[in-house]
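In what follows, a structure is listed as structure tokens, so that the remarks can point back to it.
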Amino acid sequence: MSSATFRRRLGLDALAAVIAGSRAADVESEMVDFKEEVGTVVGGHRQAIPQHHVPAAEALASEVACLANSNDGGVLVVGVADTLSGSDALVGTHLDLDWLKVRIWSLTAPNYAGFFIEEHIERGARLYLIIVEPALEEIRAGGRLRTRHGTRCVELSGDDARRFLEARRGYDWSAEASGLHLSDVEPHAADAAAQMYAARHDARPGSMRELASRMRVLRDDSGDPELTRAGALLLAPFEPGIAWAQFLITDVEGKPARLDRIGRAPLILFIEEAFRLLDEVAFPSTPVVVGLTRRELRAVPQPAYREALVNAIMHRDYRLERQAIYAVATGAPGEALKVRSPGGLPPRVRVDRLLATQSSPRNEALAHALWALGVAERQGVGIKTMYRTMLREGHDAPEILEEAGDLSVRLGGGAPDVGLRAYFDELEARDRVFEGDPSVVIAVRELLVRTPLRPERLAEVAQRTPMEALTTLARLESSGVLERLLDGSRAFRLSDSARARLGTRIRYRRSPVRERRDLVLAYLDQNPEVSRDQVAKLLGVNPANASKILSGMIQDRELDYVSARRGRNVTYRPARHG
């Protein structure tokens, strides 16, 4: 959880970016939102509003409640037009701040006081920051329940509202009483669970009670303890009339299946059978030599397809009893797996931030039981495993979509790239820090299709912060995989040795003009500005050609003028975009 000081700093840093030339809307984030007071724009013209303008207070109360319902809170920067940039965006404010604080408190339910308002004068414009702490309970304004989703506040209703409230209150469906007891555990399920546990821990549990205890699925210490729903779902005939999952193998999705399995409780038997069919029928292994090591490779990597199926079982919404997990392996031979799970993502989790989001299982008790058995990766690793194992064998990244209340994961495989797998195996053997880190694989794969790679681009595609991305790139540089365009620059390319190893996998073709422009930008990583004569020296061209290169970069908005636009003293700097 972030501090109020941190939220304030985020707001001021975002404001500084706007003043420097970024459009306000482009620097908003999950924690920073720019606002104008309601009523100050009428018919396209700006006007003053009264100090005690109730509609403006109501609108801000709604935004405060929205941020209070998020995981980390945030900051509203009021008095900034989010469609503008620079000083033009500073449109100012009119409300009395003491009155506003009382009004926001009275307009929220329950009355919320976890915020403070700070006046801020910027270039003569009166602005203010509303710094909002995350609430311990859900906060409504105007009778509506809203929370932050990306850079927007969205209203929650129906199942979305229920899931949000349950997450806020720490409710876990899978930890509740099942009505079944340890004596109801099916013998075959008990044996399958014990074998899975032994494979993970190299020791079989002494008894079913010991195993259930390690899975944390017992609710009491009686002679025949009651099972949690997690325990009953995995080990006993819990709700036997419900089909919780379905697994099919078919040549083409939508055509009759060659093989069809229905998953009823105990689900540990369904998991065992699905794993066997995936391993032996859908994606059988082929022995190959990777480097100097014999490997068993498949059309879709085993860790990826197992994680996709187990994640669906772990995270699905089990209140949606009439909807089943649907998993289908397609191709003859197999080449893809698609898994659809009822319930969508947990509240406040976004599809485009899954690699960066701390795992928060919807069914925490079930997640722990699966982890204890060795079926699931440790918390927070599953999505990263899918990305890393798919990319390092030459496949596309997992396609993860949320649609119509379901979460869909598609793993598109095919013939693995043995040479690429060998390259990553050698890289991880040289530096164990790279092992398990998907951003390393993403960086190298990105450089196979475009160059150079800057931290900002890696941060975007690997869902890291720019500083984390720069650390990864620098580590790859120290391992001999990458090199900088210029010493000290933030632009990286594959080293000569890496290009020689990766060979025909490199698919980009770069023009001399693009290479020269990249060198200019790399120079500006270390210097605040550059002149025509400096560019001519850097690139080894005459001043006239240097002027043409700089003019093209101005036209394409890669550079801005710093000083006069004519004459020998003109200088240039990187263009500032949102």
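Read the figures in this text as sums done on the coordinates, not as results from a lab. None of the values given here were measured: they were computed from a predicted structure. FYI the Cβ positions are ideal-geometry reconstructions off the backbone, even for glycines, and counts take in every protein chain you see.
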Is the chain rounded, prolate or oblate when judged by the Cα gyration tensor, a ≥ b ≥ c being the square roots of its eigenvalues, rounded requiring a/c under 1.5 and prolate requiring a/b larger than b/c? oblate
Label zone at Arg573 (point 7 Å along Cα-to-Cβ), backbone N below 19 Å, region 10-32: 13-24, 27
Dipole magnitude (debye, nearest 20) for the chain, charges at Cβ of Lys, Arg, Asp, Glu: 2100 debye
Specify whether the C-alpha gyration tensor of region 198-291 places it in the rounded, prolate or oblate class, a ≥ b ≥ c being the square roots of the eigenvalues: rounded for a/c under 1.5, otherwise prolate if a/b is larger than b/c and oblate if not. oblate
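State the extension gain, in nm to one decimal, for the chain segment bounded by Arg214 and Val102, taking 0.36 nm per residue of separation less the distance between their alpha-carbons.
Answer, rounded to one decimal: 35.2 nm.
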Amide N of region 385-401 lying under 12 Å from the label point, which is placed 7 angstrom from the Cα of Arg295 along Cα→Cβ: 389-395
Along the charge dipole of the chain, Cβ charges K/R +1 and D/E -1, which of Ile49, Ala14, Asn311 sits furthest on the positive end? Ala14
Computed about the Cα centre, the charge dipole of region 512-574 from +1 Lys/Arg and -1 Asp/Glu charges at the Cβ has a magnitude in debye, to the nearest 20, of 280 debye
When only Cα pairs under 8 Å and 6 or more residues apart are kept, what is the percent relative contact order across the chain? 9 percent
Name the residue from Leu90, Gly79, Ala113 whose Cα lies farthest towards the positive end of the charge dipole of the chain, charges +1 on Cβ of Lys and Arg and -1 on Cβ of Asp and Glu. Leu90
Neighbourhood charge, 14 Å Cβ-Cβ cut-off, centred on Val541 and excluding it, Lys, Arg +1 and Asp, Glu -1: +3
Leading residue at positive end of dipole, the chain (Cβ point charges), from Phe283, Ile242, Phe164: Phe283
For Lys338, Lys255, Lys548, what ranking results if the residue with the fewest other Cβ atoms within 10 Å of its Cβ goes first? Lys255, Lys548, Lys338
Dipole magnitude (debye, nearest 20) for region 418-505, charges at Cβ of Lys, Arg, Asp, Glu: 280 debye
Please compute the modelled spin-label separation between Ile262 and Arg46, points set 7 Å along Cα→Cβ, answer in nm with one decimal. 6.6 nm
Give me the distance in nm between label points sitting 7 Å out from Cα along the Cα-to-Cβ direction at Glu403 and Ser478, one decimal. 4.4 nm
In 5 Å bins starting at zero, report the fraction of Cα pairs in region 418-505 per bin as a rounded %. 3, 15, 29, 27, 19, 6, 1
For region 1-133, averaging the sequence separation of alpha carbon pairs under 8 Å that lie six or more residues apart and dividing by its residue count, the contact order in percent is 30 percent
Once the Cβ-Cβ distance between Glu176 and Ile554 is put in as r, and R0 is 51 Å, what FRET efficiency do you end up with, to the nearest 0.05? 0.20
Report relative contact order for region 169-244 in percent, whole number only (criteria: Cα-Cα under 8 Å, sequence separation at least 6). 45 percent
From fewest to most C-beta neighbours within 10 Å, the residues Val310, Val481, Val252 line up as Val252, Val310, Val481
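Among rounded, prolate and oblate, which fits region 241-305 when a ≥ b ≥ c are the square roots of the eigenvalues of its C-alpha gyration tensor, a/c under 1.5 means rounded, and a/b larger than b/c means prolate?
oblate
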Surrounding charge for Ala56, neighbours by C-beta under 12 angstrom, Lys/Arg +1, Asp/Glu -1, total -3
Can you run the Rg to Rh ratio on region 4-155? Use alpha carbon positions and the Kirkwood inverse-distance Rh. 0.94
What does the net charge come to around Gly503 if you take all other residues with beta carbon closer than 13 Å to its beta carbon, with K and R at +1 and D and E at -1? +2
Which of Asp317, Asp82, Asp260 has the fewest Cβ neighbours within 10 Å, and the rest in rising order: Asp260, Asp82, Asp317
How far apart, in nm, are two points set 7 Å out from the Cα along the Cα-to-Cβ line at Glu273 and at Ser157? 4.1 nm
Value of D in µm² per second that Stokes-Einstein yields for region 246-395, Kirkwood Rh from Cα pairs, at 25 °C (0.890 mPa s): 151 µm²/s
For region 130-262, would you read off the P(r) tail past 26 Å as a percentage of all alpha carbon pairs? 52 percent
